[in-house]
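Colleague: Just passing along the structure, written as structure tokens.
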Amino acid sequence: VVGDFECLDKASVDGKEYVAYCSIEKPGEPATASLIEEPVHRTVYVDPDTGLPAINIVKEEKPTATPIFEGVYTYPTNIVIEGKLDAPLARAR
């Protein structure tokens, strides 16, 4: 379970357009660390062409906050999934 998210609409990161989703903090949730002053949000930027997450940024709510975590995801384009003749899915067809 990763929590609840709300769509923030389109957002641009480094000149590329994404669809942004931000975590929703529930009232009364405990702070995750004593050094953090503002609520912390996770914003996931999804590539609208592929539908895959591209960037994941975790930071305090204030606009000037430095990210606590920033992950950039890439996916190989040459993956091939080959069926096996005796696989359960093949038998179900």
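The values are calculated or read from the model by the stated rules, or taken from the named source; none is laboratory data. Keep in mind that this is a model prediction, so the values were computed, not measured. Neighbour counts are summed over all protein chains in view; Cβ atoms, including those assigned to glycine, are modelled from backbone coordinates with ideal geometry. Accessible surface areas use protein heavy atoms only, side chains included; no ligands, DNA or RNA. Shrake-Rupley method; radii C 1.70, N 1.55, O 1.52, S 1.80 Å.
Colleague: Pairs under 6 Å by beta carbon, first residue under 14 Å from ILE24 (Cα atoms) in the range 51-66, partner open to solvent by 70 Å² or more (accessible area, probe 1.4 Å) and assigned to a loop (DSSP other than H, G, I, E, B), six or more apart or different chains?
Modeller: The qualifying pairs are VAL58/ILE68; LYS59/ILE68; GLU60/GLU38; GLU61/GLU38.
Colleague: Please note which strands (runs of 3 or more DSSP E) are completely contained in the range 40-93 and include at least 2 residues that are among the β-branched types (Val, Ile, Thr).
Modeller: Numbers: elements: 40-46, 53-60, 69-72.
So the answer is 40-46, 53-60.
Colleague: I need the full set of residues from the range 67-81 which are open to solvent by less than 100 Å² (accessible area, probe 1.4 Å) and within 15 Å of VAL13 (Cα to Cα), in order please.
Modeller: PRO67, GLY71, TYR73, listed by residue number.
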